[in-house]
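Notes to accompany the following structure.
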Amino acid sequence: MTRAADLENLGMFGRKQLLICGAVYGVGLSVAGFYATGYGHGTYALLGLASAPLGAISSLLGLFVSPVFSYGVIAALFAAPVLWGWIWSLLQPESPRRRQFLFVILLYYASVAVVLANP
């Protein structure tokens, strides 16, 4: 077996299974964030945190405004499953994508700080 085949077999889940699990996690965060908005009468912070890099940009540009289905809300609903699927797909032990994972997580935490600072 080659080194690449060994890396592919490490862990309980493969990259595709982790991508699917992450996307399902992102859908759950999107649904919870949508319910927290209260059809325009609640808070958009949870939705912004679920899709944090996009949520930070939307928060800074003021796209999470009073209309229930503003462009920022729609983008955040669809961005969270993609973002978390991508993050989870990078979670493999001894993966050469470890630096990508660290960069994405650091970007996520930095953008969470921006979202929380600009509610």
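The values are calculated or read from the model by the stated rules, or taken from the named source; none is laboratory data. All figures in this text were calculated on a predicted structure; none of them were measured in a lab. Glycine gets a Cβ as well: all are built from the backbone with ideal geometry, and neighbour counts include every protein chain shown.
Taken over the stretch 79-110, residues that are modelled with pLDDT under 85 and either assigned to a helix (DSSP H, G or I) or in contact with a Gly (Cβ under 6 Å, 6 or more places away or on another chain) (or both) amount to 4.
If you go through the stretch 45-52 one residue at a time, do you hit one that is modelled with pLDDT under 85 and more than 12 Å from the chain's Cα centre (by Cα)? Checked against the condition, which is being modelled with pLDDT under 85 and more than 12 Å from the chain's Cα centre (by Cα), the stretch 45-52 yields at least one hit. Is it the case, given these coordinates, that Gly42 is surrounded by fewer than 21 Cβ atoms within 10 Å (Cβ to Cβ), closer than 18 Å to Leu116 by Cβ, at pLDDT below 85 and of a type in the set (Gly, Ala, Ser)? Yes; evaluated as a whole, the condition is true for this residue.
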